[in-house]
Amino acid sequence: MSEPTKHYAFFQNRECEYFPCHAGADPERFNCLFCYCPLYALGRRCGGNFRYNAQGYKDCTRCLFPHRPENYEKVTGRYREIMDLVRENDARLAEAEGDPKQEK
């Protein structure tokens, strides 16, 4: 029995002027679903092939991890980690700003 198709896990925008936006990518298997990678916020813990450029910005141009169809579950499987990071950052900001709305 074959694996069921997961249409929700793959999207291409071949009309995009940047498609495919990463050098060396296979256009037939390039997944645009995570055009802006949700793992970017994890910094060094993202698991992708990145570097920091001279200006200190994270450069992901060599990374194909979120654009490979087989990595959909690996990316979405890290959403809890991303939300934990957001929660930690929000708590830190709320404390610094004296935000009374922040739950303890």
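Each reported figure results from applying straightforward, stated rules to the coordinates on display, with no laboratory input. Keep in mind the model is a prediction, meaning the values are calculated, not measured. Positions of Cβ are generated from backbone atoms using ideal geometry, with glycine treated the same way; all protein chains shown enter the neighbour counts.
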Check: Does the stretch 43-104 classify as rounded, prolate or oblate by the C-alpha gyration tensor (a ≥ b ≥ c root eigenvalues; a/c under 1.5 gives rounded; else a/b over b/c gives prolate, otherwise oblate)?
Finding: oblate
Checklist line | FRET efficiency for Phe19 and Glu95, using Cβ-Cβ distance with R0 set to 35 Å, rounded to 0.05 | finding: 0.20
Checklist line | Under the Karplus curve 6.51 cos²θ - 1.76 cosθ + 1.60, θ = phi - 60°, whole-Hz ³J(HN,Hα) for the stretch 6-18, x wherever Gly or Pro sits | finding: 10, 4, 5, 9, 8, 8, 10, 10, 5, 7, 4, 5, 9
Next item on the list: Please determine, in degrees from 0 to 90 and to the nearest 10, the orientation of helix 79-97 with respect to the longest principal axis defined by the Cα atoms of the chain, where the helix direction is its Cα long axis.
Entry: 30
Next item on the list: Using just the alpha carbons, could you tell me how many Å³ per residue the convex hull of the chain encloses?
Entry: 172
